[in-house]
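Single-structure report; data block below.
Throughout, read-outs are computed from the coordinates displayed, never taken from laboratory work. These numbers were taken from a predicted model, which means no experiment stands behind them. With ideal geometry, Cβ positions are generated from the backbone for all residues, glycine too; neighbour counts draw on all protein chains shown.
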Amino acid sequence: MPESSAALGRLVAHENSASDLLAFLFERDADPLITLLGLDVDVYRCRREGRTPAGRLDVVVYRVSDDLPVAVLELKGASSEHGDQLDRYQVWAARFDPVPLLFYCTLDGDDDILRAPWRRIGLAELFDAWSGAGDLNAAWLSHEIVKVLRGWDEEADGVIGAATGWYVPDLISRRTARAVSDALGRAHQDDGVAEALRTSVGNPMLMAWRRHPRGSHQAWIAVDVRSQGRGEPARPWLIRPCVDVYLSDRSEGEALLEAHDLAVGLWPAMVLPSVRDALDRSGRCDLADALRAGRHDGLRSRAESTTLAQWRAQLESDASPSGNHPVFRQDRGRRLATQLELQVTRINRTDLADLMMIVLDHLVEHARRS
């Protein structure tokens, strides 16, 4: 991608600046957006970050004659919906008569927002509306923005480690999560799900879960996949086979104890040699070769029976033990994992989805036999 497009990409990558670019194009020529949104022929103005009791709306189009909102556009780049954000915007919009049209704009265009009255528009389609604008400056800027967006779209389906777009890892995690969730739905009905998430520092991640065949109703076997940062596309992604236990109506101590016991039973299947063997048996030697781990094959330290017994005794006597689990990587103490590294210089998102499905099946089968 040329340097000029990379510089423009830094603007397009952030929702605030992308919304400003959209508002600027509207100022140059309003007709393309009016036509795309299906608005009546009239005079409109565009407002950025409209303050409402529901929060800040990215872009609101108002009819000049009565100053009423006729369309709301929520732009999403790397992020997705925050909590009940869209519900709050919808409640705000319902105060007006007629109710303004609501548009959810993402690079995918077919993102996970399905519910009416929100309508989907792909960001490339949105900015491409000005490609034939009478204002030549608007048409040129539209072309450059769309070139960036479509380049990122292509990169999301290509080699992960070769991507240059700032939020391509987010697209990869979302698209992979949808593919895995669909595959789990076909193979295991209500027994599995996948979701795109974020790490505590904001990096893209995704997880896929299946119920633990020997655990409580709140016990799951999972594969946790994490990008280590958008700025270094060739940096390995983290693969964390794990058990994931939720509280439900029991105490924290009971959940911690179950997570520990299930992880101890599963750890022989969670370490690098066992995961590689499962991939080899499934005909994916390429994925097995792309995995690496530290000197304990993914564990924090050696799984000594004495160490594990001592930690279990501490859990039984203290519902909130100090420090991290001595053997497993952990989140909240109830998600216990090994940690592997996946070299992504020859891996695409389809490969990543295959790896997650194979590893999940491997872990569940081991748990069933144990």
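For the chain, the 222 nm mean residue ellipticity estimated from helices alone, with every DSSP H stretch of n ≥ 4 adding -39500 (n - 2.57) and the total spread over all residues, rounds to -13500 deg cm²/dmol.
As a length-normalised measure over Cα pairs under 8 Å and 6 or more apart, the relative contact order of the chain settles at 13 percent. If you run the Gaussian network model on the chain, springs between alpha carbon atoms under 10 Å, then out of ILE34, ILE221, ILE172 the most flexible one is ILE34.
Projected label points at PHE96 and ASN16, each 7 Å from Cα along the beta carbon direction, are separated by 2.4 nanometres. Counting 0.36 nm for each residue step from PHE24 to SER322 and taking away their Cα separation leaves a gain of 101.9 nm.
Distance from the C-alpha centroid of segment 1-41 to that of segment 171-186: 29 Å, rounded to the whole angstrom. The calculated Kirkwood hydrodynamic radius for the chain is 22.8 Å, given to one decimal from all distinct C-alpha pairs.
One decimal place: the segment ARG346-ASP289 gains 19.4 nm when fully extended, by the rule 0.36 nm per residue minus the C-alpha distance. Could you identify which residue out of ARG174, ARG276, ARG284 has the top mean-square fluctuation in a GNM of the chain using Cα springs shorter than 10 Å? Per the Cα network of the chain with a 10 Å cutoff, ARG284 tops the list.
Can you tell me the FRET efficiency between ALA234 and GLU125 if r is taken as the Cβ-Cβ distance and R0 is 35 Å, rounded to the nearest 0.05?
0.70
A Förster radius of 41 Å, combined with the Cβ-Cβ distance separating HIS143 from ASP66, puts the computed FRET efficiency at roughly 0.75.
For the chain, modelled as a Gaussian network with Cα springs under 10 Å, which listed residue fluctuates most, SER305, SER274, SER181? Looking only at SER305, SER274, SER181, the largest GNM fluctuation is found for SER305.
Once C-alpha pairs closer than 8 Å and six or more residues apart are averaged by separation and normalised to the residue number of segment 277-355, the relative contact order reads 37 percent. The calculated Kirkwood hydrodynamic radius for segment 4-94 is 14.1 Å, given to one decimal from all distinct C-alpha pairs. Extending 7 Å from Cα along the Cβ direction at ALA6 and again at HIS188 yields two label points whose distance is 4.1 nm. Each Lys and Arg contributes +1 and each Asp and Glu -1, all at the Cβ; summed about the Cα centre of the chain, the dipole is approximately 1100 debye. Ranking ALA367, ALA303, LEU291 by Cα position along the charge dipole of segment 221-370, where only Lys, Arg, Asp and Glu carry charges on their C-beta atoms, puts LEU291 farthest toward the positive end.
Compared with the alpha-carbon gap, the fully stretched path from THR52 to ASP135 is longer by 26.7 nm at 0.36 nm per residue. Model label points for HIS296 and HIS217, set 7 angstrom from Cα along the Cα-to-Cβ axis, are 3.5 nm apart.
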